[in-house]
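The values are calculated or read from the model by the stated rules, or taken from the named source; none is laboratory data. Here the structure is a predicted model, which means the values were calculated and not measured. Note that each Cβ is placed from the backbone with ideal geometry, even for glycine, and that neighbours are counted across all protein chains shown. SASA here: full protein model, heavy atoms, side chains in, ligands and nucleic acids out. Shrake-Rupley method; radii C 1.70, N 1.55, O 1.52, S 1.80 Å.
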Amino acid sequence: MASLEELLKQFQQYQSKGLSINMARGQPCKEQLDLSMPMMDVLNSKADLTCEDGIDCRNYGVLGGIPECKRLLGDIIEVSPENIIIHGNSSLSIMFDCVSRSMTHGVLGSTPWMKLDKPVKWICPVPGYDRHFSITEYFGIQMINVPMGKEGPDMDMVEELVKDEYVKGIWCVPKYSNPDGTTYSEAVVKRFARLKPAAKDFRIYWDNAYSVHHLYEDDQDFLLEILDECKKAGNPDLVYKFTSTSKISFPGSGIAAVAASERNIQELKQRMSVQTIGFDKVNQLRHVRFFKNLQGVKSQMRKHADILRPKFELVERILKEEVSENASWNNPKGGYFITLRVPGCASKVIKRCRECGVILTEAGCAFPYHNDPEDSVIRIAPSCPSLEELEIAMRILCLCVKIEQAK
């Protein structure tokens, strides 16, 4: 291994290049965005904008979404159209609203959380998705860390924590999770479905953001469908399940949805009716006519995979070449992230990378309150840079790891 002096000399050479490579978020690259450009030609001023049940999509109405879009999004996350509500462009916005309404109006007749005599608590598998944690922090909800394993969250801890009636929810990204790429095992999903929380208004926030985001056609993770398992276990109301087309079509201009039991859906729609008359049906129609069906979505995702796969493989190859003795990481089969673990120095590595023009998500982002107890986790988002930029960024990242571990 090179001496610290030699490593610092390499670092200074990179510093002098004036680089600017941003890997802070899991943004699709230009080539991925270009895949959906033909969608812009699906509708024009001469198009028939009537959906299959005869509703004019230019007008008001259809609170839950047009039927063909409910069918398409339902197929993506394996639920029946009657159990899904189509929203606007952001699943995160739906989650925020669900927490907010629970705070002010309760869940299926329960006491609103803001009126309870003690603070509400929330289970947070870690490492996890920073924007989830931002929602619960915003509402002053006390977050409790539960470690993630190779099959999902530590379910012994989850089952113990839900015995507290003030524990009202858990964040889950069950497939190719953000940031470590884990897919929950069948055993874990079944234990979730059989949970017996003390709080009747406890909900699993099941953010199935990466349900069709595979990297390999012949090697894909399988996730058991949670709503069906909850119904079998006698817990039909236990889950809110979320999805969107943000990394399928256009992020920010896609379609989001929530799926749930009949009782949950009825309550959500009733509360939504005060907030809106209906979401963007023209965009719903555009998506359906572009993708047509689930096979059309899968065809699109194969094209995404062809762009993403070389980037993930490049990251894995460079990590193996450069820091195999100094760090550990996961090799996901899908999703958007790779988690690099460098105990004790993640924050210093991220800061040093920034000094060379390589921007990573802030240290601690994968933990509530940005507090990584081991200062270990670095989230790598390989999607946006070009392959050439990504190779430079990864060489710099590995160099910074070696410098901090040699000091």
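Separation of the stretch 135-208 and the stretch 28-100 by C-alpha centroid, Å?
Comparing the Cα centres of the stretch 135-208 and the stretch 28-100, I get a distance of 28 Å.
Taking only protein heavy atoms into account and a 1.4 Å probe, give the accessible area per residue of the stretch 280-340 in Å². Show your work: numbers first, answer last.
Working: 2570 Å² over 61 residues.
Counting only protein heavy atoms, the per-residue value for the stretch 280-340 is 42 Å².
For the stretch 297-357, place one equal point scatterer on every Cα, skip the solvent, and apply the Debye formula. What is log10 of I(q)/I(0) at q = 0.16, 0.22, 0.23 Å⁻¹?
Debye output, listed in q order: -0.65, -0.98, -1.03.
Length gain on complete extension for the stretch Glu313 to Ser45, per 0.36 nm per residue less the alpha carbon to alpha carbon distance?
On the way: separation 268, 0.36 × 268 = 96.48 nm, distance 4.38 nm.
Computed gain between Glu313 and Ser45 is 92.1 nm.
Ignoring solvent entirely, what values of log10 I(q)/I(0) come out of the Debye formula for the chain at 0.07 Å⁻¹ when each Cα is a single scatterer?
Values returned for q = 0.07 Å⁻¹ are -0.35.
Given R₀ = 35 Å, what would the calculated FRET efficiency be for Ser93 paired with Gln142, taking r from the Cβ atoms and rounding to 0.05?
According to the calculation, E is roughly 0.90.
How large is the accessible surface per residue of the stretch 120-167, computed with a 1.4 Å probe and reported in Å² as a whole number?
Each residue of the stretch 120-167 exposes 44 Å² on average to a 1.4 Å probe.
What accessible area per residue comes out for the stretch 45-91, rounded to a whole number of Å², with a 1.4 Å probe?
I get 49 Å² per residue for this part.
Note the per residue figure in Å³ for the convex hull of the C-alpha positions in the stretch 175-317.
146 Å³
How much length, in nm to one decimal, is gained on full extension between Arg263 and Asn371, taken as 0.36 nm per residue of separation minus their Cα-Cα distance?
Details: separation 108, 0.36 × 108 = 38.88 nm, distance 3.72 nm.
This chain segment gains 35.2 nm when fully extended.
Helix 387-406 versus the longest principal axis of the chain: what angle, 0 to 90°, nearest 10, using Cα atoms?
Helix 387-406 sits at roughly 60 degrees to that axis.
As a check on your grasp of the helix formula, calculate [θ] at 222 nm for the chain: sum -39500 (n - 2.57) over DSSP H runs of n ≥ 4, divide by the residue count, round to the nearest 500.
-12000 deg cm²/dmol
In whole Å, how far is the Cα centre of the stretch 319-349 from that of the stretch 362-390?
Each part's Cα centre sits 9 Å from the other's.
Tell me, what does the Kirkwood hydrodynamic radius of the stretch 155-194 come to in angstroms if you use every pair of distinct C-alpha atoms?
11.2 Å is the Kirkwood radius here.
Let me see the P(r) profile for the stretch 338-387: every Cα-Cα distance counted, bins of 10 Å, each bin given as a percent of all pairs.
Here the calculated profile for the stretch 338-387 is 27, 55, 17, 1.
If you take every DSSP beta bridge whose two residues both sit in the chain, what share of them, in percent to the nearest 5, is antiparallel?
45 percent
In degrees, nearest 10, range 0 to 90: what is the angle between the Cα axis of helix 4-15 and the longest Cα principal axis of the chain?
Taking Cα atoms only, the helix is inclined about 60 degrees.
Can you list the residues of the stretch 63-96 with backbone N under 16 Å from a point 7 Å past the Cα of Leu108, pointing along Cα to Cβ?
Inside the label zone: 83-84.
In whole percent, and with a 1.4 Å probe on the protein chains, what portion of the accessible area of the stretch 330-404 is carbon and sulfur?
50 percent
Quick one: pull the percent of accessible area on the stretch 257-323 belonging to carbon and sulfur, 1.4 Å probe, ligands and nucleic acids left out.
Ligands and nucleic acids excluded, carbon and sulfur give 48 percent.
Lys and Arg at +1, Asp and Glu at -1: add these up for the other residues within a Cβ distance under 12 Å of Cys384 and post the number.
Its environment carries a net charge of +2.
Give the span of the stretch 79-217's Cα atoms along each principal axis, as three whole-Å numbers ordered largest to smallest.
50, 36, 28
Over 5 Å intervals from 0, what percent of Cα-Cα pairs in the stretch 15-83 sits in each interval?
Values per bin, smallest distances first: 3, 11, 13, 13, 17, 15, 10, 5, 4, 4, 3, 2, 0.
Provide the gained length on full extension for the span Ser20 to Phe222, in nm with one decimal, where the gain is 0.36 nm per separating residue minus the Cα-Cα distance.
69.0 nm
What does the accessible area of His105 come to, in Å² to the nearest 10, when a probe of 1.4 Å is used?
Its heavy atoms expose roughly 120 Å² to the probe.
Roll a 1.4 angstrom probe over the protein heavy atoms and tell me the percent of accessible area of the stretch 87-167 that is carbon or sulfur.
After summing per-atom areas, the C and S share lands at 49 percent.
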